[in-house]
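Each value in this text was obtained by applying a stated rule to the coordinates, not by laboratory testing. On a predicted model such as this, the values are computed, not experimentally measured, just so you know. Note that each Cβ is placed from the backbone with ideal geometry, even for glycine, and that neighbours are counted across all protein chains shown.
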Amino acid sequence: MTELLARPRRSYSRLDLWQQCPQAYKAKYVDKLPEEPSVWSVGGTAFHTVAEQYLRGDLGPEPDEALLFRTWLEAWRGAYEDVVNHPRFVGDPDMRTWRAANRGTEDQDWWVAEGLRMVERFVRWKQTTGRDLRVYDDGRPMLERHIEVELGGVPVILIPDAVVVDEHGQVGILDYKTGKPPKKPTQLHFYAAGLAEVDVFATWGLYYMARPGQLLATELPFWHDGVVDDLLEFDERERAGDYDLQPGQECLAYRCPTHPRSKRR
């Protein structure tokens, strides 16, 4: 192991990748290997952009189909350009060659059409079922806010999609998912622990599932010891240069010798 380094700033996405596969974490964040682009990453980013614009009020309370269509295409193009202009981008700028989910059926054409429908469903959901949720505002709306705190002495950055308040004054952490629902609400617990450090106490964790246009709610406790313990373990091992897989972990690293598909590369 290498000598412990000064503590860098951590995030949930880094913790999550680490818990899945330390080798994949090393490939992405330490070795900074190039990544094969995916269509779903463009679609997910574009949806987040439009959802934020709507909740911020940039599109008005009742945007029509034409406005949503224009906004969606602009967000899609912006997300695509962010990928192809990234220093680690490799491959063909032609999105038809990129990785696509569901055995390749969820390609560019699928996302342009279905992503727009996801946006339209989100607007309808907010106008009906989610009409009583307002964005938490402590002088600046909590929409994609970069919040820096410490958990267990570890510097952490939080970027929740939205923090909202219901008609009873209860705070909820809203996160958009354009793919499958998470198996556990770990991300929401991580955000709740961090927000508590700035005196924002969330009662509910809310996953908005963009495909069916439904909300999955989970009650959040007022203690998050498990999240902090996981963060401390991750921080200590990563700073020590320990990227060994643990029992139960399967290597997901790009071009890693221990990856099950590495021999076919």
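A compact table of results
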| read-out | value |
| --- | --- |
| Reported label for calculated Cα extents along the principal axes in Å given [x] 56, 46, 29; [y] 54, 44, 36; [z] 46, 39, 38 | [x] |
| Segment 1-88: C-alpha pair distances exceeding 20 Å, % | 54 |
| Descending Cα extents along the principal axes, segment 43-169, whole Å | 48, 44, 25 |
| For segment 24-60 versus segment 77-92, the gap between their alpha-carbon centres in whole angstrom | 11 |
| Under 12 Å, Cβ to Cβ, from Tyr243 - net charge with Lys/Arg +1 and Asp/Glu -1 | 0 |
| Interchain or long-range residues, amide H under 5 Å from Gly91's placed H | none |
| Where only C-alpha atoms are counted, convex hull volume of segment 134-228 per residue in Å³ | 101 |
| Difference of contour (0.36 nm per residue) and Cα-Cα distance, Thr97 to Leu215 | 39.2 nm |
| Test item: Cα-centred dipole of the chain, Lys/Arg +1 and Asp/Glu -1 on Cβ, debye | 1020 |
| Hypothetical label at Arg131: residues of segment 158-189 whose amide nitrogen lies under 20 Å (7 Å Cα-Cβ projection) | 164-170 |
| Pair Val149, Arg7: separation of 7 Å Cα→Cβ label points (nm) | 1.4 |
